[in-house]
1. What is the one condition in (1) closer than 30 Å to residue 80 by Cα; (2) out of contact with any Leu (no Cβ under 7 Å at 6 or more places or on another chain); (3) assigned to a loop (DSSP other than H, G, I, E, B) that residue 199 does not satisfy?
2. Tally up the residues in the range 232-268 that are aliphatic (A, V, I, L, M) and assigned to a loop (DSSP other than H, G, I, E, B), please.
3. Starting from residues that are under 16 Å from the mean Cα position of the chain (by Cα) and aliphatic (A, V, I, L, M), keep the ones in the range 178-212 and report whichever is surrounded by the most Cβ atoms within 10 Å (Cβ to Cβ).
4. State all residues of the range 216-231 that are touching a residue at least 60 places away in the same chain (Cβ under 8 Å) and either open to solvent by 70 Å² or more (accessible area, probe 1.4 Å) or in a helix (DSSP H, G or I) (or both); if no residue qualifies, say none.
5. Out of all the residues in the range 253-276, which are within 23 Å of residue 40 (Cα to Cα) and open to solvent by 40 Å² or more (accessible area, probe 1.4 Å)?
6. Looking for whichever is in contact with a Ser or Thr (Cβ under 8 Å, 6 or more places away or on another chain) and acidic (Asp, Glu) here; the options are 44, 53, 40. Which one fits?
7. Does the range 154-177 hold any residues that are part of a loop (DSSP other than H, G, I, E, B) and either on the phi > 0 side of the Ramachandran plot or surrounded by fewer than 20 Cβ atoms within 10 Å (Cβ to Cβ) (or both), and which are they?
Amino acid sequence: MKKLLAFGLCAASLALFAPACDSETTTSGSGAITFTSWGEEYIEVELPTSAFEDGFSISYDKFLVLVGNISVADDAGTIAASDQRFFLLDHKEAGVKELVKFEGLAAGAYTVVSYETSPAARDAITPVGSVSEADADMMASMGYHVYVEGTLTGSMGSKTFQWGYGVPTLLDDCEGERDGTVTPGAVVTEGGDDVIELTIHGDHLFYDDLQAENAVLRGQAIFDADADADGVVTREELAAVQLVSLPADQYGTGGVDGVNDLDAFVQFLTRTVGHFRGEGECFLRSPE
């Protein structure tokens, strides 16, 4: 079970993380880079009560996310390998999923690695694992980059949700821990294979702040959003909850403009689910 990771967002650049340094690693020969993706136990099993500030838990039934347009470049921005496909994953399905392997790359450091979690046209979507063609059709026709189904449970009972969001998002200049060292991008060694996990964090949808490093998970406001008490929390019901009506120390937006209701808040958080090598981070941008 992963430790909860607080995160910060730069209002001006929507940056999740600014890489601290460049690698000067150089070798000879050639090797490979393999990209995989995993949703961790928080999606596969549950977000437990112990993870929430207010005693809720989450069990996902489906967690569809589009991951694609993967690119590997050097310091100068020269692209060494890329794949413009979008892989549709359901991270409720257990295990790490392989996406693409780039072979025959000259050994050395490729410090500029990027990928997207964005809506995609149907002919660009490749279903992975248990994902059905119907799932792919739905994601394309609805313009979603993420679609989740699950159950929110607290001391007063349970509410289900089925939410789809579509916001183009480029995760650029990624870096993460490699062999115990925070490393920008990828490193190809002679005859080696740098396996990079594009990790999806299902807990982010329930953070209570868009920028604060001490953001925590909460469920009460979402649970209470079920205005018609039918046991289902819809996006329309989330949109009816104005953030100013919630406790002053919760659901802060910092300098992020245009986020005034609970649905817009969750929508913004869907842009932050992508990570790099587990807990590693990337700049968060809008694709050109």
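The values are calculated or read from the model by the stated rules, or taken from the named source; none is laboratory data. None of the values given here were measured: they were computed from a predicted structure. Methodologically, a virtual Cβ is constructed for each residue, glycine included, from the backbone with ideal geometry; neighbour enumeration extends over all protein chains shown. All accessible areas refer to the heavy atoms of the entire protein, side chains included, with ligands and DNA or RNA removed. Shrake-Rupley method; radii C 1.70, N 1.55, O 1.52, S 1.80 Å.
1. (3)
2. Pass one, the range 232-268, residues aliphatic (A, V, I, L, M): 232-233, 238-241, 243-244, 246, 248, 256, 259, 262, 264, 266.
If we keep only those that are assigned to a loop (DSSP other than H, G, I, E, B) as well, we get 240-241, 246, 248, 256, 259.
Residues in the range 232-268 being aliphatic (A, V, I, L, M) and assigned to a loop (DSSP other than H, G, I, E, B): 6 in total.
3. The residue in question is 198.
4. Here is the first cut: in the range 216-231, the residues touching a residue at least 60 places away in the same chain (Cβ under 8 Å) are 216-220, 222-223, 226, 231.
Of everything in the range 216-231, those that are touching a residue at least 60 places away in the same chain (Cβ under 8 Å) and either open to solvent by 70 Å² or more (accessible area, probe 1.4 Å) or in a helix (DSSP H, G or I) (or both) turn out to be 220, 222, 223.
5. Across the range 253-276, the qualifying residue is only 267.
6. Details: 44 fails: in contact with a Ser or Thr (Cβ under 8 Å, 6 or more places away or on another chain); 53 fails: in contact with a Ser or Thr (Cβ under 8 Å, 6 or more places away or on another chain).
Selected residue: 40, the only one of 44, 53, 40 that is in contact with a Ser or Thr (Cβ under 8 Å, 6 or more places away or on another chain) and acidic (Asp, Glu).
7. Taking the range 154-177 and keeping what is part of a loop (DSSP other than H, G, I, E, B), we get 155-156, 166-169.
Listed by number, the residues that qualify are 155, 156, 166, 167, 168.
Table: residues versus (1) open to solvent by 30 Å² or more (accessible area, probe 1.4 Å); (2) farther than 16 Å from residue 158 by Cα; (3) within 20 Å of the chain's Cα centre (by Cα).
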residue: 214; (1), (2), (3): yes, yes, yes
residue: 233; (1), (2), (3): no, no, no
residue: 248; (1), (2), (3): yes, yes, no
residue: 251; (1), (2), (3): no, yes, yes
